[in-house]
Amino acid sequence: QQIVNLLNSLLGLLYQEYRDKSTRQEIETRRLQDSQTEPEENSASEETPSETEAASTPESKAAPQISLLRNSTSRFNLWQDLPEIRSSGVLSILQPDEIKLQEAMFELVTSEASYYKSLNLLVSHFMENERLKKILHQSEAHILFSNVLDVMAVSERFLLDLEQRVEENIVISDVCDIVHQHTVNHFSVYITYVSNQTYQERAYKQLLQDKPAFREVISQLELDPKCKGLSFSSFLILPFQRITRLKLLVQNILKKVEEKSERESTALDAHKELETVVKACNEGVRKMSRTEQMISIQKKLEFKIKSVPIISHSRWLLKQGELQQMNGPKTSRTLRTKKLFREIYLFLFNDLLVICRQIPGDKYQVFDSAPRGLLRVEELEDQGQSLANVFILRLLENADDREVSYMLKASSQSEMKRWMISLAPNRRTKFVSFTSRLVDCPQIQCVHPYMAQEPDELSLELADVLNILDKTDDGWIFGERLHDQERGWFPSSMGEEILNPKIRAQNLKECFRVHKSDDSQRRKLGSRNRQ
């Protein structure tokens, strides 16, 4: 009740607004830093409080979490701007690095308050609306809202503990110990909610299509000033966005705590547990859609060779599509392109390649296959237009237990590179991955969100920073996101390259620090395996 009263007394941002504002300020801060061609030691690589904290804590406007912010006219962006902080004289005592850390911890607390406010609106304004209740069958409501009440209860408990910590002292001692405790004991509710996402999206689309009354009520509810122009679906996706964002906020704290300190230890522990939850959430979403996809593919395949069972709990689709296979001798360049190539269709799974020809009735006849680990690719040198975007695919052991080669032509340079990287993921890319500990590597920051359209693509959020591993002349980039090492393709127009080498180096340094606990774990495992 205390939180609800605080929320009602504040004119705060909804979480969607807060999140958008926060990431856009992050982008502007990086742009400003990147534009400094010769950055000073304490401005680009260490980040100045005036720029960085404005970027990392704009969400504080949203916060109803502590008595310091109970004034409904509050306009404070930063911990250091609060009157109680300014009048205490503490800013003249604390080191600049400690002030940055206070801001990072303050942002985590205030953003949770903003998130809780949006969750509360999802429940009170949409889920508990009497007209909507009458339209929806109980099973439909369950799929649509899932366990959002559990998620909200967990957020409320979490926020109360954070609020109590902040009220103990105007200088915040730590928040990551609270994050760790709640992640371990309560955040499993996020996995349940997010795993339901595929069914939730499908049910929502179906209801919009089949029930005009549902469509009408949702539209009316969205127009309410409380929603600030935000859609119902933007509220439904909040828990997944929050659990991912929370991990990034802990990373931000981790970058600022003193090394080998107790606060670094709690931040690493919190980050590790959040990483586990986020991975479980992602896996939950993928598992639902993958199972249906594999069943659909199995029905379309007819085997000319010995049948291979396609459906497996540990198998999923990485890429599928049509390529042109060269017929006849490789030296025969005088033949016309139409005679030189014929269509084949590839289904590439995480552990298996299936090569087919399309046949009538939306079916595919399988004429060869090979384990993915026994595939090799080789790009041909430019040999004229008819052989542009051509590469060699070698199956070291095919369905007949022999080595065979296919000369394949893609429709564009990007399609060729995408197939080559998917078929042979360990093949060296144009630029070396950050995991090699390279001092410098091309980087890009996302300035437009992108939703992956194919399995080998990477969905991007605003302000994501990625290492560029490869790029094509026709506008595609193969990147590795720094905060979670996820890889995939995306259009180059979605980002801006980071040109300042000092900023790139700082990004890598921070990334190595965040993941050093993972690295030490890997080293232990490697040592055990060698023994």
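The values are calculated or read from the model by the stated rules, or taken from the named source; none is laboratory data. Small disclaimer: the values here were computed from a predicted structure and weren't measured. Ideal geometry is used to build each Cβ from the backbone, glycine not excepted, and the neighbour counts take in all protein chains shown. When the accessible area is computed, the model is the full protein with side chains, heavy atoms only, and any ligands, DNA or RNA have been set aside. Shrake-Rupley method; radii C 1.70, N 1.55, O 1.52, S 1.80 Å.
One table, with the values for the structure above:
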{"item": "Extension gain (nm, one decimal) between Gln293 and Gln453, 0.36 nm per residue minus Cα-Cα", "result": "56.1 nm"}
{"item": "Accessible area, probe 1.4 Å, largest first, for residues Arg215, Arg86", "result": "Arg86, Arg215"}
{"item": "Mean Cα-pair separation over length for region 441-527, i.e. relative contact order, pairs under 8 Å, 6 or more apart, %", "result": "27 percent"}
{"item": "Dipole of region 441-527 [Lys/Arg +1, Asp/Glu -1 at C-beta], most positive-end residue of Pro442, Val514, Leu466", "result": "Val514"}
{"item": "Order of exposure, largest accessible area first, which applies to Phe490, Phe367 with probe 1.4 Å", "result": "Phe367, Phe490"}
{"item": "Listed pairs Lys100/Lys502; Lys117/Lys272; Lys21/Lys100; Lys299/Lys471; Lys471/Lys502; Lys133/Lys228 exceeding 25 Å between Cα atoms", "result": "Lys117/Lys272; Lys299/Lys471"}
{"item": "Potential lengthening between Glu497 and Glu262 on full extension [0.36 nm per residue; Cα-Cα distance subtracted]", "result": "81.0 nm"}
{"item": "Estimated FRET transfer efficiency (Ser88, Lys226; beta-carbon r; R0 41 Å; 0.05)", "result": "0.70"}
{"item": "Lysine-lysine proximity count for region 303-427, Cα under 28 Å, sequence distance 8 or more or distinct chains", "result": "28"}
{"item": "Per residue accessible area of region 303-427, 1.4 Å probe, in Å²", "result": "53 Å²"}
{"item": "Residue-level accessible surface for His448, protein heavy atoms, 1.4 Å, Å²", "result": "90 Å²"}
{"item": "Summed side-chain charge close to Thr266 - residues other than Thr266 whose Cβ falls under 9 Å, Lys, Arg +1, Asp, Glu -1", "result": "-4"}
{"item": "Segment Arg131-Asp362, length gained on full extension (0.36 nm per residue, minus Cα span)", "result": "78.8 nm"}
{"item": "Stokes-Einstein diffusion coefficient of region 303-427, Kirkwood radius over Cα pairs, 37 °C, 0.692 mPa s, in µm²/s", "result": "217 µm²/s"}
{"item": "Average accessible surface area per residue within region 441-527, 1.4 Å rolling probe, Å²", "result": "41 Å²"}
{"item": "Cβ-Cβ FRET estimate between Gln95 and Glu28, R0 fixed at 25 Å, reported to 0.05", "result": "0.45"}
{"item": "Amide H contacts under 5 Å for His483, placed H, 5+ residues apart", "result": "Val465"}
{"item": "Approximate spin-label separation Ala141-Glu302, in nm, with each point projected 7 Å along Cα-to-Cβ", "result": "5.0 nm"}
{"item": "Carbon and sulfur %, accessible surface of region 441-527 computed with the full protein complex present, 1.4 Å", "result": "53 percent"}
{"item": "Relative contact order [Cα under 8 Å, 6+ residues apart], region 94-177, whole percent", "result": "42 percent"}
{"item": "Rounded FRET efficiency, nearest 0.05, which uses the C-beta distance separating Leu380 from Ser124 and R0 of 56 Å", "result": "0.35"}
{"item": "Reachable aspartates and glutamates, given that their alpha-carbon falls under 14 Å from the alpha-carbon of Lys205 and they are not under 8 places away in the same chain", "result": "Glu140, Glu216"}
{"item": "In Å², nearest 10: area of Glu130 left accessible to a 1.4 Å probe", "result": "110 Å²"}
